[in-house]
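Structure record follows, encoded as structure tokens.
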Amino acid sequence: MKTIKLKGVLAVMALVVSLSSCRHKELYDEEISYQDIEVVFDWRNAPDANPASMVLYLYEQKGGTPLRYVFSGRNGGKIRLPYGTYNSITMNGDDTDWAYDNNINDIDNFTTVTHEVHPSITSSTYSAHVSRADESKIVENPKMLWSDRVDGFTLSSADYNTRKVLTLYPEEAVCHYTVTVLDVENIDSVSGTKIEGILSGLAEGFKHGQQANGGESVIMPLELNVDVADDKLSGQFLTFGEETHEQHKDILSLYLNLADGSRWYSDFDVTDQVHNAKDPHHVDIVIRGIKLPVGEGSPGGFTADVSPWQRVDIYLPM
């Protein structure tokens, strides 16, 4: 009799355990609200890029604070993501002390800009004592920046135990500018030095959500190397490209420090060259046939003396 009762008790216990087990699984499935996904950065649009890290921002379409993830290297990795539908932007996260981000919570207006440069008497490029053709603020040049935006990535309970991949395609967000001055007369007067300069009419930053440059018109600095053998000045630098929303002139200003302590500057209107560049991401500015001023001292070398800036009008041959 005891054996029959014991068997009955065990059967009831087994049924309870079985029902509890099924119920637990149902509750578990219902309570799952996130899962792991793979993030892949496909570099087909910038095959030579080699960032040390990448940053990903995910914006739930229903709203809220964006989620931020950082990946070492350029390949991506796995992240745990709550269920939802997301828009996303990505950019490299390394070497960004030159920049800061505005409007991070607004994907459409998320903008990377560079720091403003404050005027200094010791630098001709930033000198407050030079009357500039364009009085816009001077900001630092950007460094390498890659970016992309992908919208509409959806993750739901229906995807549980399935492989989900978010792929982004970063490409360069900066522009490469070169300045070359050919057939320079009196180049010995600046032998062994670097010529400083500024270029106006440039965009302030890059809008990741719009995948385009933006912000107000700014000025960025540059340096030109002196090549006495070829009577040439040349240099290259990075920008966010030309500011296109306002009418303006692109003015290239060059600053010369001669060995006798005299300081000269001259402006060149290069609007047509910048505006009509075949590739706005690779702009070549070329000036020909200028004649540099010659100081009274021996040629060559910068000077620590702070003399007044003198404007010299350099006429280009037509």
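The values are calculated or read from the model by the stated rules, or taken from the named source; none is laboratory data. Predicted, not measured: the structure shown is a model, and the values here were computed from it. With ideal geometry, Cβ positions are generated from the backbone for all residues, glycine too; neighbour counts draw on all protein chains shown. Side chains included, ligands, DNA and RNA excluded: accessible areas come from the protein's heavy atoms. Shrake-Rupley method; radii C 1.70, N 1.55, O 1.52, S 1.80 Å.
Points to keep in mind about this one:
- Those residues of the range 212-268 which are free of Cβ contacts under 8 Å to residues at least 60 places away in the same chain and aromatic (Phe, Trp, Tyr), in sequence order: Trp264, Phe268
- When the residues of the range 182-199 are filtered to those that are assigned to a strand (DSSP E or B) and touching a residue at least 60 places away in the same chain (Cβ under 8 Å), the one that is most open to solvent (accessible area, probe 1.4 Å) is Glu185.
- Yes/no for Val165 being within 17 Å of Leu254 (Cα to Cα) and hydrophobic (A, V, I, L, M, F, W, C): no
- Of the numbered criteria (1) assigned to a loop (DSSP other than H, G, I, E, B); (2) surrounded by fewer than 21 Cβ atoms within 10 Å (Cβ to Cβ), the one Pro142 fails is (2).
- Some residue of the range 241-250 being at positive phi, more than 26 Å from the chain's Cα centre (by Cα) and open to solvent by less than 20 Å² (accessible area, probe 1.4 Å): no
- Selection of the range 95-115 for residues being open to solvent by 10 Å² or more (accessible area, probe 1.4 Å), assigned to a strand (DSSP E or B) and either in contact with an Asp or Glu (Cβ under 6 Å, 6 or more places away or on another chain) or free of Cβ contacts under 8 Å to residues at least 24 places away in the same chain (or both) yields Tyr100, Asp101.
- The residues of the range 157-181 that are more than 24 Å from Pro51 (Cβ to Cβ) and open to solvent by less than 40 Å² (accessible area, probe 1.4 Å), listed by number, are Asp159, Val179, Thr180, Val181.
- Residue that is modelled with pLDDT of 85 or more and either hydroxyl-bearing (Ser, Thr, Tyr) or outside any loop (DSSP other than H, G, I, E, B) (or both), where the choices are Ser136, Ser123, Ser131: Ser136
- For the range 172-183, the count of residues that are over 30 Å from Gln35 (Cβ atoms), modelled with pLDDT under 95 and within 11 Å of the chain's Cα centre (by Cα) is zero.
- For the range 200-218, filtering for residues that are part of a strand (DSSP E or B), of a type outside the set (Phe, Trp, Tyr) and surrounded by 22 or more Cβ atoms within 10 Å (Cβ to Cβ) leaves 9.
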